[in-house]
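The structure under discussion appears below in the form of structure tokens.
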């Protein structure tokens, strides 16, 4: 186990997310004191630039609502904020700041809107550190009729995952880490009898939810029927390609390797190997029959690397040079790379964002980058292109 115990209350946001993603303390030192965050670096001949849109308190996730130009951004400290035309609404949409746990990788971690637009969902950890996926009715102004959809007790304080997203099938996908500590001591990644170390797939508009009939493990004896994918360590962020429906998963590594996993549209039941494998390498037990290797891996620590941040396949129109490319980055090193989605590899660096915590996609397919230190950047075509 790599011991990290920083909290939001004892240091800057960079250290909080380092703890959240369970990276080594040496990889995540506090940034130098300054009056303002440096502007994101644009690499030579980069097709993109990063334009600051707004600033929030530790933004970690973003979602949009059908027919609504507003960007909804989750602050790890517990508030869901609305950003419209670059202006942050004075009152939060939802305020859980008095209820969320306040240290390590806990807090408000994910947000998604139902495709029909009338309900929002938040992934957060309570005062005891347990994960909740909670629903509100939402009319664009007020969030009402709160109810928990599901709750997962957490054995340790780290590896909570937190991503929420609706897939092209209209179902809600939920990322949960392996339960924490180091090396997955409970073997949760390979245990289909628990939600930990999995991505779940449900219809949240049930009582309290409904399991889709075509979930891959629904009829498997001893398996949790909600499971869509397993063998994951800490899938901090995942996304769906809005054109193809394919799924991209950034799974934070343990000692040596960061990885991005992939599943074609509709392919569930995939075992990504943790904790038998870390990336494409043996960890405990080596490659098992039926496990799927990542499509991208890169070494931990090299060049300051610490935690993979999965983004999106670009399907917008404003940056033609990124068309069909998958964007991802690293939290500590801060680089952002783009690689062709139809032949993924390490890719080319297109920019640098300090304390990169997440990416976002709006209703037009345009992309955003979030920094834990506060800025939200819109990714635009470079002025030199």
**Item:** Whichever residue in region 306-322 is over 16 Å from residue 239 (Cβ atoms) and over 17 Å from the mean Cα position of the chain (by Cα) and, among such residues, is surrounded by the most Cβ atoms within 10 Å (Cβ to Cβ)
**Value:** 319
**Fill in**
Only unsatisfied item for residue 145, checking (1) modelled with pLDDT of 95 or more; (2) surrounded by fewer than 18 Cβ atoms within 10 Å (Cβ to Cβ); (3) assigned to a loop (DSSP other than H, G, I, E, B), is (3)
**Fill in**
Picked from region 193-212 (must be assigned to a loop (DSSP other than H, G, I, E, B) and either over 21 Å from residue 153 (Cβ atoms) or free of Cβ contacts under 8 Å to residues at least 40 places away in the same chain (or both)), the residue farthest from the chain's Cα centre (by Cα) is 207
**Message:** Looking only at region 165-181, how many residues end up being touching a residue at least 40 places away in the same chain (Cβ under 8 Å), more than 19 Å from residue 265 (Cβ to Cβ) and crowded, with 17+ Cβ neighbours inside 10 Å?
**Reply:** 4
**Message:** Looking for something at pLDDT below 95 and buried (at least 20 other Cβ atoms within 10 Å of the Cβ) - is there at least one such residue anywhere in region 81-92?
**Reply:** no
**Residue list for region 335-372, filter: under 22 Å from residue 112 (Cα atoms) and touching a helix residue (DSSP H, G or I) at 6+ places or on another chain (Cβ under 7 Å)** = 357, 372
**Message:** Against the definition (in contact with a strand residue (DSSP E or B) (Cβ under 8 Å, 6 or more places away or on another chain), part of a strand (DSSP E or B) and more than 30 Å from residue 190 (Cα to Cα)), how does residue 369 come out, yes or no?
**Reply:** yes
**Request:** Quick one: count up the residues across region 105-123 that are outside any strand (DSSP E or B), over 19 Å from residue 357 (Cβ atoms) and touching a residue at least 40 places away in the same chain (Cβ under 8 Å).
**Result:** 4
**Request:** Name the single residue, out of those in region 325-347 being surrounded by fewer than 16 Cβ atoms within 10 Å (Cβ to Cβ) and in contact (Cβ under 8 Å) with a residue 40 or more places away in the chain, that is farthest from residue 265 (Cα to Cα).
**Result:** 346
**Fill in**
Taking region 281-309 and keeping residues in contact (Cβ under 8 Å) with a residue 24 or more places away in the chain and assigned to a strand (DSSP E or B) leaves 281, 291, 296, 297, 298, 299, 308, 309
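For (1) modelled with pLDDT under 95; (2) in a loop (DSSP other than H, G, I, E, B); (3) buried (at least 20 other Cβ atoms within 10 Å of the Cβ), each residue gets a yes or a no:
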position	(1), (2), (3)
43	yes, yes, no
46	yes, yes, yes
60	no, no, yes
68	no, yes, no
98	no, yes, no
**Message:** I'm trying to understand the selection: among the residues of region 229-245, which are more than 20 Å from residue 190 (Cα to Cα) and either modelled with pLDDT under 95 or more than 16 Å from the chain's Cα centre (by Cα) (or both)?
**Reply:** 242, 243, 244, 245
**Complete:** Quick count over region 310-344, residues being outside any strand (DSSP E or B), under 16 Å from residue 246 (Cα atoms) and in contact with a strand residue (DSSP E or B) (Cβ under 7 Å, 6 or more places away or on another chain), is 4
**Request:** May I ask you to say which residue of 64, 23, 73 is surrounded by 22 or more Cβ atoms within 10 Å (Cβ to Cβ) and at pLDDT 95 or above?
**Result:** 73
**Prompt:** Which residues, counting only those in region 182-192, are surrounded by 23 or more Cβ atoms within 10 Å (Cβ to Cβ) and free of Cβ contacts under 8 Å to residues at least 60 places away in the same chain?
**Reply:** 188
**Message:** Looking at 351, 347, 324, 334 in this structure, which one is closer than 27 Å to residue 65 by Cα and at pLDDT 95 or above?
**Reply:** 324
**Request:** Among residues belonging to region 78-95 that are without any contact (Cβ under 8 Å) to a residue 40 or more places away in the chain, in contact with a strand residue (DSSP E or B) (Cβ under 6 Å, 6 or more places away or on another chain) and assigned to a loop (DSSP other than H, G, I, E, B), point out the one that is nearest to residue 54 (Cα to Cα).
**Result:** 86
**Message:** I'm trying to understand the selection: among the residues of region 348-366, which are surrounded by 21 or more Cβ atoms within 10 Å (Cβ to Cβ) and assigned to a loop (DSSP other than H, G, I, E, B)?
**Reply:** 353, 355
**Request:** Working only within region 213-228, note down all residues that are part of a loop (DSSP other than H, G, I, E, B) and surrounded by 11 or more Cβ atoms within 10 Å (Cβ to Cβ).
**Result:** 214, 215, 216, 217, 218, 220, 223, 224, 225, 226
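The values are calculated or read from the model by the stated rules, or taken from the named source; none is laboratory data. No experiment lies behind these values; they were computed from the predicted model shown. A quick note on method: Cβ atoms are made from the backbone with ideal geometry, for glycine too, and the neighbour counts reach across all protein chains shown.
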